Amino acid sequence: MSKIDLSKLTQPTPEDRIKHRTQAGVKLSYVDARYCMDVLDDVVGPENWSDDYKEVKGLLMCGVSINVNGVKVTKWDTGTEANFEGEKSIVSDSFKRACVKWGIARDLYDTKKAGGNATPKPQGVPNAPGPQPVSPTAKQTEYILDFGKHSGKFISDVPLDYLKWFLNQKDNKKDEKKYNVFLSEYHKRKTND
């Protein structure tokens, strides 16, 4: 087997494979899961990669594994549900986000590129071999609820009335960190109204 050049995973995304949508008034650029599969097939070969799914604390996680010099290396991420495809979109989104950790379509996070997403493109060593480290997006570092009817959701996706309900519960201060996260999010949204 010939050596796999993982730096090819970070090649710029061809314009004809980039899709666009508007979310909350912001134009977002993205690729579909088939593009990621095509890149993996072309760069590492279909026999040298796989995807796996598991649930962790109520979140669907996708791991994309690549055989690197005979060793299986896996990078994991989670996704979010779209309004129009439900569970299928979580699978697809988690797969695409795990692929971004390998460098696929990471250039779409470049805010200088027309239609680039709000998340800054991670800065790595130029022309370094292999994938560069991924800086966490706001969603990747955001608090995820681990209880109640909104378990598994990012706090920014939880309705304001649920935040208010939680803050008014008598025993909610048992977990001071959780209480402060809810309070901060509540004040942030009330300020932006």
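The values are calculated or read from the model by the stated rules, or taken from the named source; none is laboratory data. All figures in this text were calculated on a predicted structure; none of them were measured in a lab. Every residue, glycine as well, gets a Cβ built from its backbone with ideal geometry; the counts of neighbours run over all protein chains shown.
If you take the residues of the stretch 40-63 that are in contact (Cβ under 8 Å) with a residue 40 or more places away in the chain and in a helix (DSSP H, G or I), which of them is surrounded by the most Cβ atoms within 10 Å (Cβ to Cβ)? Even if it seems obvious, please write down each step before you answer.
Quick first cut of the stretch 40-63, residues in contact (Cβ under 8 Å) with a residue 40 or more places away in the chain only: 40, 44-45, 48, 51, 53, 57-59.
In the following step, the residues that additionally are in a helix (DSSP H, G or I) were identified as 40, 44, 48.
Details: L40: 21, V44: 19, N48: 16.
Out of the qualifying residues, it is L40.
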> Among the residues of the stretch 10-24, is there at least one that is part of a helix (DSSP H, G or I), in contact with a Gly (Cβ under 7 Å, 6 or more places away or on another chain) and either at pLDDT 90 or above or not basic (K, R) (or both)?
Replying inline: yes
> In this structure, is N83 in contact with a helix residue (DSSP H, G or I) (Cβ under 9 Å, 6 or more places away or on another chain), modelled with pLDDT of 90 or more and surrounded by fewer than 20 Cβ atoms within 10 Å (Cβ to Cβ)?
Replying inline: no
